Amino acid sequence: MNITEQLRRLRKDLGIAPIVASPAVSTQETTPYAEALRRLLRTRERAHPVKLPPPAGKTVAEGVQLVEHVHAYEASDDVVLPRDEARIDRRRLLCFDTETTGLAGGVGTRAFMIGVADWSENRLRVRQLYLTTMAGEAEMLRLFVSWLRDDTVLVSYNGKSYDAPLLKGRLRLNRIAHPLAELAHVDWLHPTRRVYRGVLPNCKLSTIERDVLRIVREDDLPGAEAPAAWLAYLRGQSSRGLARVLEHNRQDVVTLMRLGDHLGELASR
Amino acid sequence: MSNPTELLVRESSGLMVERLVDRWAEKYGDRITGYLRRPARAARHAEFPAELPHELREALERRGVERLYSHQREAWDHVHAGEHVVVVTPTASGKTLCYNLPVINAVRSARAKALYLFPTKALAQDQVAELLELNKAGALGVRAFTFDGDTPSDAREAIRVKGDIVVSNPDMLHQAILPHHTKWAQFFESLRYVVIDEVHTYRGVFGSHVANVIRRLKRVCAFYGVKPVFILCSATIGNPQAHAEALLGESVHAITESGAPCGERHVLLWNPPVVNPDLGIRASARSQSMRLARHAVRAKMKTIVFAQSRLMVEVLTKYLKDVFDNDPRKPARIRAYRGGYLPTERRETERALRSGTIDAVVSTSALELGVDIGALDVAILNGFPGSIAATWQRLGRAGRRLQPSLGVLVASSQALDQYIVRHPEFFESAPPENARIAPDQLLILLDHIRCAAFELPFNSGDRFGELPVDEFLGVLAESGVLHNEGERWDWIADSYPAGAVSLRSVADGNFVVIDRTDGRQTIIAEVDYGSAALTLYEGAIYMVQSRPYQVELLDWIGRKAYVSKTNADYYTDAIDYNKLKVLDRFDGSNAGQGTCHHGEVHVVRHVSGYKKIKFYTHENIGYGPVTLPDQELHTSSLWWQLSQQTLEQAFGSRQEALDGFLGAAYALHTVASVRVMADGGDLQKAVGSGDAAWYAARDLRGRGQWRRADNSAATTQDSSEFNPTLFLYDNFPGGIGLSEPLFRIASTLVSDAISLVESCECSGGCPACVGPVAGEDAAGVSTQRERAIQLLHLFDA
């Protein structure tokens, strides 16, 4: 039995896929571990991934795609914020949602897609950024930050606890200055909970969407499958999953605007 | 500074110590094999540094500090010069000022931040209490917080932003701070000092992990553009500077001369009386420790008794409570203290000790560190703690600054213990052991490179510590946790790697012990994974504060043991055995007529049953079966072998040869343990076939027995091949760097073992040389001891 085998036994719990044994010779710098590692390295030489064409959008920076959609969306110029019933200009709202490499938390989890929706003159504009290489992250984050204005009001669903801290961490890691901490941020999760806890089986966005807003999604990709879909694209295996993630994310940010109107309506009743 | 009452107390306590020693010498003179007196040491002072701000000096004066001790000043000077330092001074020598002075000064003058790391939560809390008092004395405006697993999540944000001094432990740094370093960005950007106390505890497996956590910390610091100065503190060990440098990977200035005064220290080496001279059997250490503790408590001396295991803590506590706490209406005078108790219970015992409301505490090594428990008079060590360094550390828990103190080392029948008490001159002059770490141990390294990659991406050609990481990155990419793009290696997996790496043990997941007496569901203790199989099997008696509970159900997967109160008059002790198989040879050489190899082995540990042992009489009153999963281990080992032909020529029978192997293994394990500062069970021994076909164990009389791999008895005729192998192995997956250096000195080990066994005073073998031997051998037959000597000579060049 060699160290590969040893590792496999010891590492069961550590979330590493088993190492596939097949001979390969390391030509890298020799260290005191070369011998042991060479055994570890008896892994299949991964063929250089084929670069797949991005499933949608235009390339706006190295490794970053931008997808834009415009939807008709008739609504009043003002929105009512549920808690304090303050009226604000709808054009200030920026609904956003991220798709991330996982739910584990910590600085090693990153967003590979950021979707935002904003409104002007009965039109809802959806813009989505996503990564086609890891190296595109800093540019994607910079573009997102460039969309924020001083009077922007961020809108999210559980974004105060999840999306915003995650983005702040990645921005810090990429040394990009940003105004996220200063901007107003309304998280629909809390007012939704106040209204629907005990009424609906749970307060997931998909439940609210289906049971309250009566929005039906076709062929929706469950959020939990998003990380794997993006990885499959990154590794040159398939871009079909990623296309579905785009659709899912676009729906989410549109729903954010609708949910705001619904909650505002309840509040002003 | 001393007032008349203090003087009076000091004198009377000094007299009491001497009176007690005289009484024991008169009554039990033959049990005292050594009497050491370490003279009192006067203080060496130094002036406050000129650059010390006025308010800080005033705060100190208000706390009764009018000058510094020489080592405190030395630390200030070197830290100010930007050097990393390690301060090596005894308990209660005021080492905390060595780091608090420069830190508080930097916090006040430059709004710098500091991170303090202690090995335990208790020490961290002590430290914050002390900082707060100093802070209050001078209205210094320094904000110090503990940050540990008990910190509520709503307080964490405030601590990250507002804390000037964050007091935590290596585990939290590893699992909660570094993997979230962006949340700590402000803290890291101003981080100027990192204080790591009790660094002598960071040795072996734990130390190797901590060295890697420090590598990660330095990597994150570099990202934020800071290069903090490290201030380390250690109890006395043989190689403080080298150890500190190994932990940091940088050069460190060592401060080893304490300027603090120290009371006279009396130390007795105590060997229990021989009860069976032929067999070399002595009365138990436990019986002696009990007697000494009783005398000390009756003489109104505050006493601490150190026991080697949690079980022994409970047994000794019960016996002392039976004497002193038999009136339930009165407050308890005796308490137990050990890991596994809930934090609140331990804090309460610490408080009771400080305020002097209890008279004796029985503890494991948990109180060996600098937890503030106030001044004690007598320390009784029930058994040699395994190293000279730990012995002095424990003896040091009795006696503060000016009072004389008394320490007694009570030897058990173990070979190491007997060696120490029979060679008082060795004990007196022996330098404390070296602390060893192996930060580049393959598995540990891979774990931390994984964690480091999560925290910040690597680039090809990067180093981790001094090591190029490219090959590791390749391995991690192949297993799918990293993604490589050009020069960059980014974390890609949906996992939190630090969560799966425990610094203190291999397998994660403590067991909780749940009391369900009368339908309750109360958690009464926690047991680490490694000891669960030995203490929580169904039927086991598990004791908390000497109250016995019986394990009714063990949920191995759920990591829970359900117990209920019992009135059993016995306790239980697990029977376990290990079988080994050689997987790979790294190196080998001739050893006399045989060979010695170093390589990799597979160990299976099996708990087969348990013994029921009656309180007080310690007779074995029955057995119970245990069915638990085997625990497996791949580790490094060194082993000795002889050809079948050589063995047949040298020994009259296979039985004799096997006895020789078992005795030699015992002696070699003893001398090897002296050579490495092996923690408890870090180094293990075994005798078996080398291919796991059979292994050898001793029967109740100390004779060798064959056992098949399934633990059924076998006989010598079972196999035509006879290939006994003597193993010493690292008790840690992948090895922890003990076997390899031992292999290099294998011939010295053999000659040391020969002299140990040959110079023993027993007749046929005893626990001090080849292990316990019971029952007399027939006349004309060689003894266990002779067989071991004969075997060892075959390996002697």
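Does any residue in region A:160-176 that is away from every other protein chain (no Cβ under 11 Å) and surrounded by fewer than 18 Cβ atoms within 10 Å (Cβ to Cβ) come within less than 9 Å, Cβ to Cβ, of a residue that is modelled with pLDDT of 95 or more and in a helix (DSSP H, G or I) six or more places away or on a different chain, and which pairs are these?
A:ILE176/A:ALA138; A:ILE176/A:LEU141; A:ILE176/A:ARG142; A:ILE176/A:VAL145; A:ILE176/A:ARG170
Residue-by-condition table, conditions (1) in a strand (DSSP E or B); (2) at pLDDT 95 or above; (3) within 14 Å of another protein chain (Cβ to nearest Cβ):
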{"residue": "B:HIS174", "(1), (2), (3)": "no, yes, yes"}
{"residue": "B:HIS181", "(1), (2), (3)": "no, yes, yes"}
{"residue": "B:PHE188", "(1), (2), (3)": "no, yes, yes"}
{"residue": "B:VAL195", "(1), (2), (3)": "yes, yes, no"}
{"residue": "B:VAL205", "(1), (2), (3)": "no, no, yes"}
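Here is a check on your reading of the model: is B:GLU198 surrounded by fewer than 24 Cβ atoms within 10 Å (Cβ to Cβ), touching a residue at least 24 places away in the same chain (Cβ under 8 Å) and more than 25 Å from the chain's Cα centre (by Cα)?
Answer is no for this residue.
Going residue by residue through region B:592-604, is there one that turns out to be surrounded by 15 or more Cβ atoms within 10 Å (Cβ to Cβ) and out of contact with any Ser or Thr (no Cβ under 9 Å at 6 or more places or on another chain)?
yes
Could you list, in sequence order, all residues of region B:448-485 that are at the interface with another protein chain (Cβ under 7 Å from one of its Cβ atoms) and either assigned to a loop (DSSP other than H, G, I, E, B) or over 17 Å from A:GLY108 (Cα atoms) (or both)?
Within region B:448-485, B:LEU467, B:PRO468, B:ASP470, B:GLU471, B:GLY474, B:VAL475, B:GLU478, B:SER479, B:GLY480, B:VAL481 meet the criteria.
How many residues are more than 18 Å from B:LYS302 (Cβ to Cβ) and not in a loop (DSSP other than H, G, I, E, B) when one looks only at region B:347-365?
Selection size over region B:347-365: 2.
Report whether or not B:GLY558 is in a strand (DSSP E or B) and either more than 14 Å from chain A (Cβ to nearest Cβ) or loosely packed, with under 15 Cβ neighbours inside 10 Å (or both).
When the stated conditions are applied, B:GLY558 does not pass them.
Please indicate, with yes or no, whether at least one residue in region B:528-540 is aromatic (Phe, Trp, Tyr), in a strand (DSSP E or B) and in contact with a strand residue (DSSP E or B) (Cβ under 8 Å, 6 or more places away or on another chain).
No, region B:528-540 contains no residue that is aromatic (Phe, Trp, Tyr), in a strand (DSSP E or B) and in contact with a strand residue (DSSP E or B) (Cβ under 8 Å, 6 or more places away or on another chain).
Out of region B:72-100, which residues are over 22 Å from B:ALA40 (Cβ atoms), in contact (Cβ under 8 Å) with a residue 60 or more places away in the chain and among the hydrophobic types (A, V, I, L, M, F, W, C)?
Selection gives B:ALA75, B:VAL79, B:VAL85, B:VAL86, B:CYS98.
Please specify each residue of region B:561-591 satisfying the condition of being assigned to a strand (DSSP E or B) and in contact with a Pro (Cβ under 8 Å, 6 or more places away or on another chain).
B:LYS565, B:TYR571
Whether any residue in region B:496-506 is within 30 Å of B:TYR571 (Cα to Cα) and more than 8 Å from chain A (Cβ to nearest Cβ) is what I want to check.
yes
If you check B:LEU416, B:LEU406, which single one turns out to be in contact (Cβ under 8 Å) with a residue 40 or more places away in the chain, under 18 Å from B:THR91 (Cα atoms) and of a type outside the set (Phe, Trp, Tyr)?
B:LEU406 is the lone residue from the list that is in contact (Cβ under 8 Å) with a residue 40 or more places away in the chain, under 18 Å from B:THR91 (Cα atoms) and of a type outside the set (Phe, Trp, Tyr).
Here is a list of conditions, (1) surrounded by fewer than 17 Cβ atoms within 10 Å (Cβ to Cβ); (2) more than 29 Å from B:LEU749 (Cα to Cα); (3) within 14 Å of chain A (Cβ to nearest Cβ), and B:GLU632 meets all of them except one; can you say which number that is?
Of (1) surrounded by fewer than 17 Cβ atoms within 10 Å (Cβ to Cβ); (2) more than 29 Å from B:LEU749 (Cα to Cα); (3) within 14 Å of chain A (Cβ to nearest Cβ), only one is false for B:GLU632: (2).
With B:ARG450, B:ARG463 as the choices, which residue is of a type in the set (D, E, K, R), surrounded by 23 or more Cβ atoms within 10 Å (Cβ to Cβ) and at pLDDT 85 or above?
Unique residue meeting the criteria: B:ARG450.
Out of curiosity, is A:LEU141 of a type outside the set (Asp, Glu) and either in a strand (DSSP E or B) or closer than 30 Å to B:ARG450 by Cα (or both)?
When the stated conditions are applied, A:LEU141 passes them.
Under the condition of being out of contact with any Leu (no Cβ under 8 Å at 6 or more places or on another chain) and more than 14 Å from chain B (Cβ to nearest Cβ), which residue from region A:119-138 is surrounded by the fewest Cβ atoms within 10 Å (Cβ to Cβ)?
Within region A:119-138, the match that is surrounded by the fewest Cβ atoms within 10 Å (Cβ to Cβ) is A:GLU121.
When only residues in region B:704-737 that are crowded, with 17+ Cβ neighbours inside 10 Å and aliphatic (A, V, I, L, M) count, which is modelled with the lowest pLDDT?
B:ALA709
Among the residues that make up region A:82-100, is at least one of them out of contact with any strand residue (DSSP E or B) (no Cβ under 9 Å at 6 or more places or on another chain), within 14 Å of chain B (Cβ to nearest Cβ) and either of a type in the set (Gly, Ala, Ser) or over 28 Å from A:ARG170 (Cβ atoms) (or both)?
Taking every residue of region A:82-100 in turn, none turns out to be out of contact with any strand residue (DSSP E or B) (no Cβ under 9 Å at 6 or more places or on another chain), within 14 Å of chain B (Cβ to nearest Cβ) and either of a type in the set (Gly, Ala, Ser) or over 28 Å from A:ARG170 (Cβ atoms) (or both).
Which condition number in (1) under 21 Å from B:LEU247 (Cα atoms); (2) out of contact with any Lys or Arg (no Cβ under 7 Å at 6 or more places or on another chain) is the one that B:VAL87 fails?
So B:VAL87 meets the others, but not (2).
Being modelled with pLDDT under 95 and in a strand (DSSP E or B) is the filter here; which residues of region B:71-120 pass it?
B:VAL88
The values are calculated or read from the model by the stated rules, or taken from the named source; none is laboratory data. No experiment lies behind these values; they were computed from the predicted model shown. Every residue, glycine as well, gets a Cβ built from its backbone with ideal geometry; the counts of neighbours run over all protein chains shown.
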